[in-house]
């Protein structure tokens, strides 16, 4: 069994996600022949969502049968495609952060129960 690894500091993680979001924003609306990001976004939210789902399945499969390096690579793909899909919907990283912050005061079970009450 592999030794648990740290995720890095919250500031490092946020900086990496923020840089990714800025790169996606910079490429949005660009030349789809020169930018995969622009090509995905030009195809709309549905295509972005589909690609995110495909990458999520690849990560799930890698988690149970691939090397740590493969899992990290697939996780990177999932994060990238999630950020592209969010951009396609016009949802900022700040909005996602606010949603996560709102949940910090409760357990996961409490949060899930609160969604089914509405």
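What follows is calculated from the coordinates using simple rules that are stated; it is not laboratory data. Since the structure is predicted, the reported quantities are computational estimates derived from the model, not experimental observations. In this analysis, Cβ positions are derived from the backbone assuming ideal geometry, glycine residues included, and neighbour counts consider all displayed protein chains.
Rounded to 0.05, the FRET efficiency of the residue 110 and residue 13 pair, given R0 = 30 Å and the Cβ-Cβ distance, is 0.75.
Ordered by the count of other Cβ atoms within 10 Å of each Cβ, fewest first, 89, 27, 115 give 115, 89, 27.
Please compute the length gained on full extension between residue 102 and residue 79, using 0.36 nm multiplied by the number of residues separating them and subtracting their Cα-Cα distance.
Details: separation 23, 0.36 × 23 = 8.28 nm, distance 2.11 nm.
Contour length minus Cα-Cα distance gives 6.2 nm.
Counting every other Cβ atom within 10 Å of each residue's Cβ, 91, 24 order from fewest to most as 91, 24.
Would you mind ranking 68, 25 by Cβ crowding within 10 Å, fewest neighbours first?
Values: 68 10, 25 13.
With the sparsest Cβ surroundings first, the list reads 68, 25.
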